[in-house]
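Enquirer: Supplied in structure tokens, the structure appears directly below.
The values are calculated or read from the model by the stated rules, or taken from the named source; none is laboratory data. Bear in mind that the values here come from a model prediction, so they are computed numbers and not experimental data. Because the Cβ atoms are built from the backbone with ideal geometry, glycine has one as well, and the counts that use them run over all protein chains shown. Keep in mind that these areas ignore ligands, DNA and RNA; they rest on the heavy atoms of the full protein, side chains included. Shrake-Rupley method; radii C 1.70, N 1.55, O 1.52, S 1.80 Å.
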Amino acid sequence: MRRIEEVLDGAEKICITGHIHPDGDCVGSCLGLYNYIREVRPDLSVTVYLEPFSENFLFLRGADRVDHTYPDAGPADVCLALDCGDKERLGASGKYWDAAKRKVCIDHHVTNTAFGDINQVCPKASSTSEVLFELMEEERITKETAECLYLGIVHDTGVFKHSNTAGRTMAIAGKLLEKGVSSSYIIDETFYKKTFPQNKALGRALASARLLLDGKFIAGAVTADDLRELGLLPRELDGIVDQLRVTSGVCAAAFLYETGEAGQEWKVSLRANDGVDVSRIATLFGGGGHVKAAGCTMHGEWSEIAGQLARLVEKQL
Ligand code: AMP
Ligand code: MN
Ligand code: MN
């Protein structure tokens, strides 16, 4: 695919969706594409379906029009799955995907299973937002579309600091800035700003952290009780694992939070420094992601899970 317009050919009804627990890149890419299609093809009917996401993203154009209720809807001519590595991660949107006449997957996960009829998967790209930029006609990207894509890139690169930040990423970010995007607003208000309970959760994760493998692996956790007490939702825990990863001497980090649904079930976020591929570890437990950032769900005592992960990290050292 060279241009997004190609896959819209002959279609009237378009559906856009992304992965469960939508993060900045997922929301930014879905809304960026939504705004772009409304600009270049105002004749089409377009709906975005996503799970509820951080209120920090609500300023993006179109955020208030995202459908979080997953109503029954007739088949779309084209369904686009963004920032999603496999069909299961579409969650409740899977029904729109199954029903769609043309299924298009646009993504950057190295573990992507190419589950679309058309797959535009670029593991070297920092973010799905970056992949989308390359598929758009630059002149037709409005300030509002640019804000969405810029936010996606900022979040998936950890503000241009992760190793997925290439020269091309910076060049694209520069072009988006020239569209009038307020970089400092997006970086401060949507990435760095934390509520008091979020900072307390970071504190608990750091206080619980254990160093394993002679300081080469770190793991920290927050329990379902912590989350209840602090009144936090899982989607408010972004960034904690990144603080664990920058502990000096560490090759890989894990942050676990207990999902309320079933006792002793943990969502595990993994991050690697040079020399470790955490996507391989996450895949062993039915998850996936990128070489340096991946996730999965695991069961048991969290300290045992940490030990199990440490042994897998050790094998790669
Ligand atoms: P997280 O740990 O949620 O910050 O996710 C890190 C990266 O791994 C993101 O790109 C996610 O999309 C991906 N990821 C997280 N959990 C899973 C999972 N269970 N299956 C596939 N990919 C995942
Ligand atoms: Mn994502
Ligand atoms: Mn992404």
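Enquirer: What FRET efficiency do you get for Leu284 and Leu177 if R0 is 51 Å and r is their Cβ-Cβ distance, rounded to the nearest 0.05? Provide the component values of the computation, followed by the final result.
Expert: Values: r = 40 Å, r/R0 = 0.79.
It comes to 0.80.
Enquirer: Go through segment 189-194 residue by residue and turn each phi into a ³J(HN,Hα) via Karplus (6.51, -1.76, 1.60, θ = phi - 60°); whole Hz please, and just put x for glycine and proline.
Expert: Each residue's phi maps through the Karplus curve to give 6, 9, 10, 7, 5, 10 Hz.
Enquirer: Go ahead and estimate [θ] at 222 nm for the chain from helices alone: -39,500 (n - 2.57) per DSSP H run with n ≥ 4, summed, over the residue count, rounded to 500.
Expert: Details: 11 runs with 109 residues, N = 317.
Taking each H run of at least 4 residues, the total per residue is -10000 deg cm²/dmol.
Enquirer: Subtract the Cα-Cα distance of Met1 and Arg140 from 0.36 nm times their separation in residues, and report this length gain in nm to one decimal. Each step should come with its number before you reach the end.
Expert: Working: separation 139, 0.36 × 139 = 50.04 nm, distance 1.79 nm.
My answer for the length gained is 48.2 nm.
Enquirer: How about Lys95: which lysines have a C-alpha closer than 18 Å to its C-alpha, ignoring those fewer than 8 places off in the same chain?
Expert: Correct list for Lys95: Lys13, Lys87, Lys103.
Enquirer: Okay, moving on. Between Rg and the Kirkwood Rh of the chain, both from Cα atoms, what is the Rg to Rh ratio? Don't skip to the answer; put the middle values down first.
Expert: Numbers: Rg = 19.2 Å, Rh = 19.9 Å.
My calculation of the ratio gives 0.96.
Enquirer: Two-decimal Rg/Rh of segment 262-314 from alpha-carbon positions, Kirkwood Rh? Walk me through the numbers on the way to the answer.
Expert: Numbers: Rg = 10.5 Å, Rh = 11.0 Å.
With Rg and the Kirkwood Rh in hand, the quotient comes to 0.96.
Enquirer: Just reorder Phe115, Phe285, Phe133 by solvent-accessible area, largest first, 1.4 Å probe, all chains present. The partial results should precede the final answer.
Expert: Working: Phe115 40, Phe285 60, Phe133 10 Å².
Ranking Phe115, Phe285, Phe133 by accessible area, largest first, yields Phe285, Phe115, Phe133.
Enquirer: Taking 0.36 nm per residue of sequence separation and subtracting the Cα-Cα distance, how much length would be gained by fully extending the chain between Arg65 and Thr195, in nm to one decimal? Please list the in-between numbers first.
Expert: Numbers: separation 130, 0.36 × 130 = 46.80 nm, distance 2.53 nm.
Computed gain between Arg65 and Thr195 is 44.3 nm.
Enquirer: Roll a 1.4 Å probe over the protein chains and send me the accessible area per residue for segment 149-233 in Å².
Expert: Numbers: 4140 Å² over 85 residues.
Ligands and nucleic acids excluded, the result is 49 Å² per residue.
Enquirer: Accessible area, 1.4 Å probe, largest first: how do Thr69, Thr223 sort? The partial results should precede the final answer.
Expert: On the way: Thr69 105, Thr223 45 Å².
I get Thr69, Thr223, largest accessible area first.
Enquirer: Please give the Cα centre distance for segment 156-194 versus segment 70-94, rounded to the nearest Å.
Expert: Computed from Cα coordinates, the inter-centre distance equals 27 Å.
Enquirer: For segment 83-200, what's the relative contact order in percent, using C-alpha pairs closer than 8 Å and at least 6 residues apart? Walk me through the numbers on the way to the answer.
Expert: On the way: 136 pairs, mean separation 22.6, N = 118.
Computed value for segment 83-200: 19 percent relative contact order.
Enquirer: Glu39 label point, 7 Å along Cα→Cβ, cut-off 13 Å on backbone N: hits in segment 128-147?
Expert: 133-147
Enquirer: Can you send over the carbon and sulfur percentage of the accessible area for segment 183-230, probe radius 1.4 Å, protein chains only?
Expert: Working: 1440 of 2670 Å².
Carbon-and-sulfur percentage of accessible area, whole number: 54.
Enquirer: Hey, got a sec? Which GluC sites (Glu not before Pro) in segment 13-111 land in a DSSP loop and have at most 13 other Cβ atoms within 10 Å?
Expert: Values: sites: Glu39, Glu55, Glu88; in loops: none.
Listed in order of number, the matching sites amount to none.
Enquirer: Sticking with this structure for a sec: If you count the DSSP beta bridges with both ends in the chain, what percent of them are antiparallel, to the nearest 5? Numbers along the way, then the final one.
Expert: Working: 19 of 45 bridges.
Given both bridge residues lie in the chain, the antiparallel proportion sits at roughly 40 percent.
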